[in-house]
Every structure is written in structure tokens, then in C-alpha cells.
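No lab work stands behind these numbers, since they all come straight from the coordinates. Since the model is a prediction, treat every value here as computed from it, not as a measurement. Here the Cβ positions follow ideal geometry from the backbone for every residue, glycine too, while neighbour counts run over all protein chains shown.
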Amino acid sequence: MFNFGFGSKKIKESLTRTRNSVFGQITTLFGGNEITEELWDDLEALLIQADVGVETTLELLETVRGRVSSEGITKPLDAQRVLKEEMLKLLEGYAPSVIDKQRILTVVLVVGVNGSGKTTTIAKLSKFYRQQGKSVVLAAADTFRAAAIDQLKIWGERAGASVIAHQPNADPGAVVFDAIKSGLARKADIVIIDTAGRLHTKFNLMRELEKLRGIARKQVHAAPHETLLVLDATTGQNAVSQAKHFKDTVEITGVVLTKLDGTAKGGVVFAIGKTLGVPVRFVGVGEGIDDLMPFDAQAFVDGLFDE
């Protein structure tokens, strides 16, 4: 079973760059003796710099300033506590993942652009669930890139998951059909489907993903049960733009944020949550196959500020 205490520690470690840059400056802001208008102006600038996003930053500051005023707070450290509490609220309150629900077979569709770490994330997800004692089948439905098929086969072997693959440029729907059929025959717990990271137009992408969803639904009730969007944290606001694009195209139920350890702008987590209105389910905190952690909102907010 997963050690969540260890995961919290890894999340905190992955935020070292973010903490040592922008959020370190935010901590310094609250080290003074009084709350001034300049403090709020500087905080606004730093939050935007941290990729929290303009809209989210303004709403967050309005809420924090309102509480500071209504609660009669005069000490900067107490104002920082309110900031952390309100940041935590932005990341909580979503429905839990349905992957762990008891059913004949759980089907997970994974989407994201090429280069976001989608294929390796799928392997890491399968390793995570393998460590929980679940049997996993991977569907190599990104048939437009031969490299994606080969990559998934290699990573799947490392993770101890079965990989169902066809030839490059084969029909992705046929791969999904065979993978789910195989999962049912093997009495597997989870089928995770890799999808094409880029089709020529948004219409083609929507049509392809809807086709895959339809095939899954015909074989397993209410499938896919989870649709995860993989985003690269190091791309900052570009990840937010991708999130908007996929939200308009696909019914996203959660986000996997990769390369959190590689960015100094971890505030993008708040922008993504605000933009999509769905939770971050997992975060990538390193290159290894074990470096994918369930997202812990409390550990994340604490890790932004605490040394």
C-alpha cells in the first residue's frame, strides 16, 4: 500500500525550486511588522509571477484581504496563515477518484499533448496501482507514433503491466476494443488507455476521443470511468491554455501534473484547478517509475512555504 507520509515528503521536496524562488519571496513579505498596501501589491505581483494566474490571483487576494479585515488581523504572519487556508480551499472539495471503486473493470482514458510526459505517466500510473496489488492492462492507442507504442511496451514491462498494441497507424479503436476484451478475460482491475497527443484539428481530436469513449462504453458500463489530462508543469501558462483546449473537447475528470520538480512556478496548480474546475489527481516529482504521487493539497500548500 502507498505510504502517503512518504508521498507528502516527496511533494515537498519537488517544490524546492518554487519555494526557493517566488514563494520564498512571499514568505519574506510576511516577515515584517505590519500589513501595508505595499504588501498586498507585492503579493499580487509575486502570485502572478508564480503562474497562479491573474484571475485566480485577484479572487484569492480579495478573499484574503476580506478575511484579514473582518477578523481584525494586524500581524503579517496571521495574514499569511489566512492566505494558506484560502489557497488550500482552492484545491479541495472535489469528488474523490473513482478508480478505486469496486467494479468488474475500471477504464481510464489518458489524454494530453505530445511532450507532456503522457506515455511515461501511464507507465508510472500502472506501477502505482500494481504496488497496490491491482492488475493493469495498458492500451497503446496512440498508433500515430511508432515511438509511443514502443515506449509504452518498454515502460509497461518495467511496471509489470500487460500491454495491448497493434501496428503503427492501426485503428486506435481496435486497440481499445482488444485491450478491454483482454482486461475482462484476465479479470484485470484497470485498463489504462494511451491516446494520440496531437491530431490535425480540434474537430478530429474530439471525434477520435469520442469514438474511443464510445467503444469503451459499449464493453464496460459507464466507461471510461476516469479521463485524466496530463500537463507539463514546466510550461506554465501554456499548460493552462492546453487545459482549456482539452476541457472544450473532452470530459476531463482529473489532471496529472508532470515535472513539478522541474519548475520554479508551481503556482500553476492553482490556475489549472480554477480553469478546469477539476482536481489534480497525481503529480510527477521525478524521472523514476516510482516518482508519481497522489496529489496531497495540504502537503502541496505547506511545501510552498515551509523550509
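Between PHE295, PHE282, PHE203, which gets the highest mean-square fluctuation from a Gaussian network model of the chain, Cα cutoff 10 Å?
PHE203
By counting other Cβ atoms within 10 Å of each Cβ, how are PHE300, PHE177 ranked from fewest to most?
Fewest to most other Cβ atoms nearby, the residues stand as PHE177, PHE300.
Just to be sure I understand the model, the point goes 7 Å from the Cα along the line to the Cβ. What's the resulting THR74 to GLN102 distance in nm?
5.8
What list do you get for THR36, THR258, THR253 if you sort them by fewest beta carbons within 10 Å? Write down the numbers at each step before the final one.
Working: THR36 12, THR258 26, THR253 22.
Fewest to most other Cβ atoms nearby, the residues stand as THR36, THR253, THR258.
Over 29 Å between Cα atoms: which of LYS124/LYS211; LYS84/LYS134; LYS12/LYS274; LYS12/LYS211 fall into that group? Spell out each step's value before the answer.
Numbers: LYS124/LYS211 26 Å; LYS84/LYS134 36 Å; LYS12/LYS274 22 Å; LYS12/LYS211 40 Å.
Where the Cα-Cα span goes over 29 Å, the pairs concerned are LYS84/LYS134; LYS12/LYS211.
Counting other C-beta atoms within 10 Å, which of HIS221, HIS166, HIS245 has the fewest, and how do the rest follow?
Fewest-to-most ranking of HIS221, HIS166, HIS245: HIS221, HIS245, HIS166.
With a cap of 16 neighbouring Cβ atoms within 10 Å, and only residues DSSP puts in a loop, list the chymotrypsin sites (Phe, Trp or Tyr not before Pro) found in segment 29-106.
TYR94
Test of understanding: in a Gaussian network model of the chain with alpha carbons linked when under 10 Å, which of SER116, SER135, SER14 would top the mean-square fluctuation ranking?
Maximum among the listed residues: SER135.
Counting Lys and Arg as +1 and Asp and Glu as -1, what is the net charge of the other residues whose Cβ lies under 12 Å from the Cβ of PHE203?
-1
Could you check what % of the DSSP bridge pairs in the chain are antiparallel, to the nearest 5? All intermediate terms of the calculation are to be shown ahead of the outcome.
Working: 3 of 28 bridges.
Roughly 10 percent of the beta bridges in the chain run antiparallel, per DSSP.
How big is segment 1-145 along each principal axis, measuring the range of its Cα positions in Å and listing the largest first?
57, 34, 25
For THR36 and LYS247 in the same chain, what is the full-extension length gain: residue separation times 0.36 nm, less their Cα-Cα distance, in nm? Could the numbers behind the result be given before it?
On the way: separation 211, 0.36 × 211 = 75.96 nm, distance 3.91 nm.
Stretched out fully, the THR36 to LYS247 stretch lengthens by 72.1 nm.
What whole-number distance in Å separates the alpha-carbon centres of segment 239-306 and segment 157-191?
A separation of 27 Å, based on Cα centres.
Could you check which residue among ALA170, ALA179, ALA141 shows the biggest mean-square fluctuation in a GNM of the chain with a 10 Å Cα cutoff?
With Cα springs under 10 Å in the chain, the top fluctuation among ALA170, ALA179, ALA141 is at ALA170.
Which whole number in µm²/s is D for segment 101-213 by Stokes-Einstein, with the Kirkwood Rh taken over Cα pairs at 10 °C and 1.306 mPa s?
My calculation gives 115 µm²/s for D.
Got the relative contact order for segment 208-290 handy, in percent, Cα pairs under 8 Å and 6 or more residues apart? Spell out each step's value before the answer.
On the way: 113 pairs, mean separation 24.2, N = 83.
Relative CO of segment 208-290 lands at 29 percent.
Under 15 Å from the 7 Å Cα→Cβ point of GLU210, by amide nitrogen: which residues of segment 250-283?
From segment 250-283, the list is 250-252.
Once R0 is set to 22 Å, what does the formula 1/(1 + (r/R0)^6) return for the Cβ-Cβ distance between ARG158 and LYS134, expressed as a FRET efficiency to the nearest 0.05? Mind dumping the intermediate values first?
On the way: r = 16 Å, r/R0 = 0.74.
In this case the efficiency is close to 0.85.
Give the calculated FRET efficiency between ASP178 and GLN298 to the nearest 0.05, with a Förster radius of 45 Å applied to their Cβ-Cβ distance. Mind showing how you got there, number by number?
Working: r = 41 Å, r/R0 = 0.92.
Taking R0 as 45 Å, the efficiency between ASP178 and GLN298 is 0.65.
Compare the Cα positions of GLY72, GLN25, GLY267 along the charge dipole of the chain (+1 at Cβ of Lys, Arg; -1 at Cβ of Asp, Glu; about the Cα centre) and return the one farthest towards the positive end.
GLY267
Going through segment 30-64, which GluC sites (Glu not before Pro) have at most 15 other Cβ atoms within 10 Å and a DSSP loop state?
GLU34
For segment 173-307, which semi-axes, largest first and in whole Å, follow from the square roots of 5 times the eigenvalues of its Cα gyration tensor? Intermediate results must be reported in sequence, preceding the final value.
On the way: eigenvalues 171, 68, 31 Å².
Taking √(5λ) for each eigenvalue gives 29, 18, 12 Å, largest first.
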